[in-house]
Structure formats: C-alpha cells, structure tokens
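**Student:** Structure provided below as structure tokens; questions to follow.
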Amino acid sequence: MQLRNYFLLSALSCVMALNAQNPIVQTFFTADPAPMVHDGTVYLYTSHDEDETVDNFFTMYDWRCYSSKDMVNWTDHGVVASLKNFTWMDKTNGAWAPQCIERNGKFYLYVPIHGEGIAVLVSDSPTGPFSDPLGKRLIESDHIWQDIDPTVAIDDDGQALLYWGNPQLWYVKLNEDMISYDRTVGQNGIVTVEMTAAAFGSKEGRDGKKGTTYTEGPWFYKRNDIYYMVYAAEGIPEYISYSTAPSAEGPWTYRGIIMERAPQLAFTNHAGIIDFSGNSYIFYHDQDLSEGEGFKRSVSVEQFSYNDDGSIPLITPTKEGVKESVAHLNPFRKVEAETIAWSEGLKTMRDNKTGVYLSNIDNGEFIKVRSVDFGKGARRFKAGVASASTGGKIEIRLGAVDGELLGVCEVTNTGGWQNWVVQSCKVKKMKGVHDLFFVFRGTEDTLFNFDWWQFK
Ligand code: FUB
C-alpha cells in the first residue's frame, strides 16, 4: 500500500492529524533520527523505510535530511546520500542509522551499511552532495555484522570519538581528519567497552543468560560536565535508556529509562538528543503513521527539561510533539514549499535544477505551515508552480484546513512538470502570527508541482 493511502483511512484520523505535530515527516517513512545543530539550524538526518517493504525486513536504500529553524516547520532536503555512494560494495539494501558532524567546515556523515560495516561520507555542505573519501569501509573489524549505528562527538580537547555496535559497544578515537583513527589503542584501534550491569543495567535474555540492557542505537554527547550514552535497550520491543560517565571513554554508569515501550512505538526505537535555542529535544521513531508497521517508522520529537543534576526525566511520546515554535517564519522571503509542519497525501521530489519541490499533489491534499509572522500585513501571494495536467488551485487558509479563505491562486497547465512559472493572486489583508494551510484543489489525479511561495 502506498503511503498516501494511509491518509484516506478515516475522517477521524484526519481530525486528529490537524492537531498533530508528530511524526514530523508525513511524506516519507523516516527512522533513526540524528539531529545536528549548525549555524542556528537543526539538521535532521534520517534513515528511510521504503513505502514497499521487501521480504518483511528493513527495506532501506538511502539517507534523507530535513532542517528547521523553529522546531515546528521542517524543510525537506531530499535524499542526501545512498548506498550508491559506495562503489566498493554491491549491497542494495541496508542503509541504516546515520549521524553527521561538522569539523573545520566539512560535514562527516557516518553510516552503517548492514552487513558491510561502518563507512563515512564527506561534504562541504550539511545537505550534500556527499562523497566517499576512502573507497572502503571506515571501521576495519572482524565483526562487521555487529557494526551498526555509529554515533560521534568531539570532546573539548578536540578528540573525536566514534561509538557504535549491537549488542556490544565499541569505539575508535578518530584522527583530526575524521576519516581515519588512532590504531595504537585497543585492538588495531578498536576499543571494546566493558558491558557490565553497573554500566548499562542488566536483563535476562530469552536463553536465560544475563546480559546488559544495552542493545543498539547509541547516541553519545557531552552536556555541561557529563558524558551521556543514550541507547535502545532490551527488546524487542525496545525502550530508550541511558548511562553517563565522567569522561568520553567512561566508565559508564547506568541511569535508567528515558522512554518506555508504548503502543505507537515500533519494535525498534532510536534516539537523538540536542539542545537548541535554549530548549532540549529528544527525537525518536514510532510506527503511528503506518498504523503499526514496524518496518515503516517515522521520526517524532518531544521537548523536555533535564533535572537539576543533569539526569534525564522519563519522557512520554505524544501526538502533539513540539507545542511552541522557537522562531517565526518570515513569509516575505521565498519559502520552499517543502517547508512543512504537517502534510496530507502528497510527496516531495528532487532534481538537480530545481532542488526539492512538492509533487504528487491530488485534490483535497494540503500542507500546514506554522507560526507565520505577517507583521503589519500582506496583500499578495505568489508561487512557483509547474503542471502538465489541467492544473488546479491553491487555497490559502488561516488556522485550519477549512479556515478563513484568504485567497485562491490559480495554477494552469504550464506545458510540463518541470516548466516552472510564477502564479500570483490577491489575498485578504492579514496581520500578526498565524498557522497557514495551503489546500490543493482540482479535478485531475495529479494537479501540479509546487516549489516555493512568498507574500508581498
Ligand atoms: O533502522 C535499522 C536499525 O533499526 C537501526 O540501525 C537500529 O538502530 C534500529 O532502529
């Protein structure tokens, strides 16, 4: 079943969706969130569960990126890397949990290729294009099937550590180039973390053997003077726990559960935590959008506060997600149409000339954009659109999908899906900060593509 069909299931789920902020991406299934704060923007790297699951297993070919300056509207940057980046191996599935970090103006994307180990890509921009600097895997180990879920942080002294592994944690000390590591420590550079109950909690496995709760999906970072290791625990289903340490290399102390199992969560979970604009946020994934399909997960986010001693409270996954934006969106600058707080039915596409744009738009589908600041008022609306069909209309509505109609922008046939033109219309004058809905109307199956919009 295609992703869009999930949205047609019931009127009830539609009403619920209008108040929802989670999951934060509705156009694709996204998993394994890895947020990165850079230059006043949150870049969110995700793995990507395909709409069609093959052989009832993870079906994952590429990695996607989204960004936000306000934590409620997310701009889709499309696929930023894929298994095709690695010409030294022939795996066509297995693009699992990534993480990106910036150093000296370059962006290093660490990715696991399931069954091939951990590799690295590099780019001059957070949104790519990324290229393979090594032509081989980064981590040279004798346990590549366990080499998944890399997580990386740079300590105050400049030493970068890359942790990873399921169900064992390992780390390497990355050299300053971020694409090689110190081979003088551990076993040819790979240090094995001691997995004790004191460090990671204890569990009894299905075979009756005692082990630690640590399973996979580590998220390693430093905050104030505490080093954190957040991870997916036990399973399946997994929950999220964490440990802390006084140094980047440990020793780790188990601190407890952050997110319990819950019906809307998948059999896996995977967390990423950041501080941004004075708030703390936890990203995780659930199976709400696919209504319970664990191989079709979606990234969600919750705001939370650390306790005074730096411990992390128990966090409840919600449908509402982030309630308050941390910035307003300026509608008088060109806004990419793929900047979305909530959407129903449509998809996005990317090409080299136009970048990412809204596609597969059918009658009645819409996008919501939150916290739009009209200041003293807007009078006109314009949009970059293209259509090879009869086109349609963009209804501009305030606050709700059936909210006050501010204007209607007609989109006619432009002679091709990539023949972009600017269409404009008058809008009722509005002032202040509002949530906007762009509701798409027309008679054909696919109405038009939508690249950007702007008010005057
Ligand atoms: O997404 C594939 C795998 O599932 C990840 O690598 C794990 O962390 C789990 O989320």
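The values are calculated or read from the model by the stated rules, or taken from the named source; none is laboratory data. Quick caveat: nothing in here was measured; it's all calculated off a predicted structure. Heads up, the Cβs are rebuilt from the backbone with ideal geometry, glycines too, and the neighbour counts pull from every protein chain shown. Protein only, heavy atoms only, side chains kept; ligands, DNA and RNA dropped before computing areas. Shrake-Rupley method; radii C 1.70, N 1.55, O 1.52, S 1.80 Å.
**Student:** Could you compute the FRET efficiency for ASN188 and GLU291, with r as their C-beta to C-beta distance and R0 at 45 Å, rounded to 0.05? Walk me through the numbers on the way to the answer.
**Tutor:** On the way: r = 46 Å, r/R0 = 1.03.
Here the calculated transfer efficiency is 0.45.
**Student:** Something else now. Can you sort LYS203, LYS106, LYS296 by 1.4 Å-probe accessible area, starting with the largest? Don't skip to the end; give the middle numbers.
**Tutor:** Working: LYS203 55, LYS106 80, LYS296 10 Å².
Greatest to least solvent exposure: LYS106, LYS203, LYS296.
**Student:** Just to verify a number: what accessible area does HIS38 come out at with the full protein assembly present, 1.4 Å probe, Å² rounded to tens?
**Tutor:** Rounded to the nearest 10, the figure is 50 Å².
**Student:** Moving on. Place +1 on the Cβ of every Lys and Arg and -1 on the Cβ of every Asp and Glu in the chain, take the dipole about the Cα centre, and give the residue among ALA119, GLY345, ASN175 whose Cα lies farthest towards its positive end.
**Tutor:** The Cα lying farthest towards the positive end belongs to GLY345.
**Student:** Hey, got the Cα dimensions of region 34-127 along the principal axes, in Å, largest first?
**Tutor:** Cα spread of region 34-127 along its principal axes, largest to smallest: 40, 29, 15 Å.
**Student:** How many nm is it between the label spots at ASP156 and VAL408, if each spot is 7 Å from the Cα in line with the beta carbon?
**Tutor:** Placing both labels 7 Å along Cα→Cβ, they lie 6.2 nm apart.
**Student:** Taking the Cβ-Cβ separation of ARG379 and SER305 as r and a Förster radius of 45 Å, what is the calculated FRET efficiency to the nearest 0.05?
**Tutor:** Working: r = 42 Å, r/R0 = 0.93.
Between ARG379 and SER305 the formula returns 0.60.
**Student:** So, one more: Across the Cα atoms of region 205-346, what radius of gyration and what greatest pairwise Cα-Cα distance (Dmax) are found, in Å?
**Tutor:** 17.3, 62
**Student:** Put a dot 7 Å past each Cα toward the Cβ at THR196 and GLU52; how far apart are the dots in nm?
**Tutor:** For the pair GLU52/THR196, the computed spacing is 5.2 nm.
**Student:** Heavy atoms only, probe 1.4 Å: what % of the accessible area of the chain goes to carbon and sulfur, would you let me know? Please report the intermediate quantities before stating the final value.
**Tutor:** Working: 8790 of 18380 Å².
C and S atoms contribute 48 percent here.
**Student:** At 1.4 Å probe radius, can you tell me the per residue accessible area of the chain in Å²? Let's see the in-between values first.
**Tutor:** Numbers: 18380 Å² over 456 residues.
In whole numbers, the chain has 40 Å² accessible per residue.
**Student:** Treat the chain as a sphere of radius equal to its Kirkwood radius over Cα pairs and apply Stokes-Einstein at 25 °C in a medium of 0.890 mPa s; give the translational diffusion coefficient in µm²/s, rounded to a whole number. Don't jump to the answer; show the numbers that get you there.
**Tutor:** Numbers: Rh = 22.9 Å.
Result for D is 107 µm²/s.
**Student:** Using 0.36 nm times the number of residues separating SER131 and VAL433, minus their current alpha carbon distance, what extension gain do you get?
**Tutor:** On the way: separation 302, 0.36 × 302 = 108.72 nm, distance 4.10 nm.
Contour length minus the Cα-Cα distance gives 104.6 nm.
**Student:** Using 0.36 nm per residue, how much length does the chain from ARG261 to ASP225 gain when fully extended, once their Cα-Cα distance is taken away? Could the numbers behind the result be given before it?
**Tutor:** Values: separation 36, 0.36 × 36 = 12.96 nm, distance 2.94 nm.
That works out to 10.0 nm of additional length.
**Student:** Ratio of Rg to Rh for region 335-455, alpha carbon only, Kirkwood? Walk me through the intermediate numbers first.
**Tutor:** Values: Rg = 13.3 Å, Rh = 14.1 Å.
That ratio is 0.94, to two decimals.
**Student:** Same structure, new question: Among all lysine pairs in region 2-304 that are eight or more places apart or on different chains, how many have alpha carbons less than 30 angstrom apart?
**Tutor:** Final tally of qualifying lysine pairs is 23.
**Student:** Further question on the same structure: For ARG350 and MET89, what does the FRET efficiency come to when R0 = 30 Å and r is the distance between their Cβ atoms, rounded to the nearest 0.05? Don't jump to the answer; show the numbers that get you there.
**Tutor:** Values: r = 24 Å, r/R0 = 0.81.
The value I calculate is 0.80.
**Student:** I would also like to ask the following. Calculate for the chain the 222 nm mean residue ellipticity that helices alone would give, adding -39,500 (n - 2.57) per DSSP H run of length 4 or more and normalising by residue count, nearest 500 deg cm²/dmol. Before the final figure, lay out the partial values.
**Tutor:** Details: 3 runs with 16 residues, N = 456.
Calculated at 222 nm, the ellipticity per residue is -500 deg cm²/dmol.
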